[in-house]
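The values are calculated or read from the model by the stated rules, or taken from the named source; none is laboratory data. This one's a predicted model, so the numbers in the text were calculated from it and none came from an experiment. Don't worry about glycine lacking a Cβ; one is built from the backbone with ideal geometry, like all the others, and counts go over all protein chains shown. All accessible areas refer to the heavy atoms of the entire protein, side chains included, with ligands and DNA or RNA removed. Shrake-Rupley method; radii C 1.70, N 1.55, O 1.52, S 1.80 Å.
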Amino acid sequence: AFPNGYQDYHDFAELTSALQRAADDHPGLAALSTIGTSVEGRNLWLMSITRAPAGSPEVLFTCQQHAREHLTREMCLRIVNRFTDGYGSDPAVTRLVDSRIIRVIPSVNPDGAEYDHATGSFRGWRKNRQGQGTDLNRNWGHQWGCCGGSSSSPSSDTYRGTGAFSAIETQRVRNYVASRVVGGEQRITAHIDFHTYSELILWPYGYTYSDTGPGLSAQDAAAFRALGTQMAQTNGYTPQQSSDLYITDGSINDWMWAAHGIYSYTFEMYPRSGGLNGFYPIDDVIGRETARNDAAVDLLLSYADCVPRVIGASC
Ligand SMILES: NS(=O)(=O)N[C@@H](Cc1ccccc1)C(=O)O
Ligand SMILES: [Zn+2]
């Protein structure tokens, strides 16, 4: 359980129960599986939600690469509950579930998350629990460690690991995404990785200040920007290429795009600012700050059959 003022946040056991309940309550609509275990042996849960024909466009939502960013786990749970409980009653939800395959990984770093709150007060922990910890969002394999956007020091909070995908958890997600290549085609077309905080919507590349780069054309950049901007209009976040914030190398977004052509965004959630306390908003804000992203989630899902349509291009 979480400390006082934070009880509505789900710890790993509560997350697992909530996911099992959602799957049990919605057979034929929601299915719970695991993409493997973490360093310490916790399941990396995957909830799949759909009533769409096989071969329909797939959208992936990942949460809590960073342990202390507990609000993101609640964001992924919101997506699970909204698209299961809302099916058949909410027209927007029903239309999307009937035409898309929704995939949710509510915690990419369950070990770090438990470690962060295990003592009853928060540790401010960010990384996974391998050795001195690897920053999972610097461990992905596109331009890994290229550009000063991560650290080679194991004690650093942005330690990139000993090599691309040296972290067990990034390996599991990499392998899962690779398994969605069917008949030479990647079925996942769009992705959001949720973080806290700063209220931003970010897109690739993070490793270079340039708007374009190898494998990212001016048209690709225009589509990323247009959809990112439209999503930001629904939640009030600030849209920008992630390197406009700072250079990062080995981030999930760069790899999802470069390796698989997946339109991959980072959402930095509430609050807009706040020092270390910014990672620990009281549980009263969970409902408001997760529902705040409903329209953006729906927008991404609606474009998932052909994201370039957002700039009038065809697929
Ligand atoms: N959540 S955060 O405070 O760690 N910020 C993120 C921001 C970020 C996310 C994705 C690409 C570039 C930058 C980070 O990984 O540094
Ligand atoms: Zn983060």
### Query
Most mobile of G131, G183, G250 per a Gaussian network model of the chain (Cα springs, under 10 Å)?
G183
### Query
Of the heavy-atom accessible surface of the range 276-315 (probe 1.4 angstrom), what whole percent is carbon and sulfur?
55
### Task
Compare the Cα positions of W140, V93, H10 along the charge dipole of the range 1-141 (+1 at Cβ of Lys, Arg; -1 at Cβ of Asp, Glu; about the Cα centre) and return the one farthest towards the positive end.
W140
## Note on the structure
Protection proxy (average C-beta count within 10 Å per residue), highest first, orders 193-201, 99-107 as 99-107, 193-201
### Message
Could you check the spin-label model distance between V182 and S156? Points 7 Å from the Cα along Cα→Cβ, value in nm.
### Response
4.1
### Task
Subtract the Cα-Cα distance of S48 and T94 from 0.36 nm times their separation in residues, and report this length gain in nm to one decimal.
15.1 nm
### Task
Keeping all protein chains in place, calculate the accessible area per residue for the chain (probe 1.4 angstrom), answer in Å².
36
### Summary
For the range 122-161, the Cα convex hull volume per residue in Å³ comes to 63
### Query
So how strong a dipole does the chain carry about its Cα centre when Lys and Arg Cβ are +1 and Asp and Glu Cβ are -1, to the nearest 20 debye?
440
### Message
Using a 7 Å offset from the Cα along the Cα-to-Cβ direction at both Q233 and S302, what is the distance between the two label points in nm, to one decimal?
### Response
1.1
### Amide H contacts of G36 (H built 1.01 Å from N, under 5 Å, at least 5 apart or other chain)
L44
### Message
Given the DSSP H assignment, sum -39500 (n - 2.57) over each helix run of at least 4 residues in the chain and divide by its residue total; what's the result at 222 nm in deg cm²/dmol, nearest 500?
### Response
-9500 deg cm²/dmol
### Task
Any chance you could tell me what percent of the C-alpha pair distances in the chain go past 24 Å?
49
